[in-house]
Amino acid sequence: MAGEYSRRVYTSDEVATHVSENDLWMTINDKVYDVTSLIDRHPGGSEVLFHCAGVDATAAFYDVSHSDNAFAMLIPCFKGYIKQTGSDENRLDKKKASVKKKKYRTYEEIKVTQSQRLKESQQLAFSPRIYLLSLLAFLGLGTFIYLQRKKWSEWI
């Protein structure tokens, strides 16, 4: 019975009726999620969830650069799929048009950007300049401590 329930198809009007703090739904990637259980646990605060309540939150979800853990948290919230209106050709045309107008980044774009930033930071970490500056700082500190132990009068 749970398998049948999870494969249910909802209309956007049905999803739009679930916008209360006791019953909060949204769609992401044409899938319907009941995120009521996440209201108190959402790191960005509950107002973010209420802002996307009852509507397609795909663009907002991907724009925030959610972690893999966030995707895992959605799995138990899955209710079913959003009903597609019109023919498949019209739906695909709408999807292509929305992709062209979309200002939000996809999950894949975010992952690529994050991996590039990680590589850049790792390259900076192994820079010879950093090692040289660290060596000079330790030499300076060592000299200072050595001079403090000696009497300054001996050096002057």
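The values are calculated or read from the model by the stated rules, or taken from the named source; none is laboratory data. Treat the numbers as computed from the prediction; the structure is a model and nothing was measured. Cβ sites come from the backbone with ideal geometry, for glycine too, and all protein chains shown count toward neighbours.
At least 2 residues that are at pLDDT 85 or above, under 16 Å from the mean Cα position of the chain (by Cα) and in the same structural domain as residue 81 (by TED's automatic domain parsing) in each: list the helices (runs of 4 or more DSSP H) lying fully within the range 1-66 that qualify.
In the range 1-66, 58-63 are the helices (runs of 4 or more DSSP H) which contain 2 or more residues that are at pLDDT 85 or above, under 16 Å from the mean Cα position of the chain (by Cα) and in the same structural domain as residue 81 (by TED's automatic domain parsing).
Give 96, 103 a once-over and let me know the one that is at pLDDT below 80, under 21 Å from the mean Cα position of the chain (by Cα) and at negative phi.
None of the other options fit; the residue is 103.
Picking from 30, 68, which residue would you name as being in contact (Cβ under 8 Å) with a residue 12 or more places away in the chain and among the charged types (D, E, K, R)?
Matching residue, one of 30, 68: 30.
Across the range 110-156, which residue is farthest from the chain's Cα centre (by Cα) among those that are among the charged types (D, E, K, R) and modelled with pLDDT of 75 or more?
The selected residue is 150.
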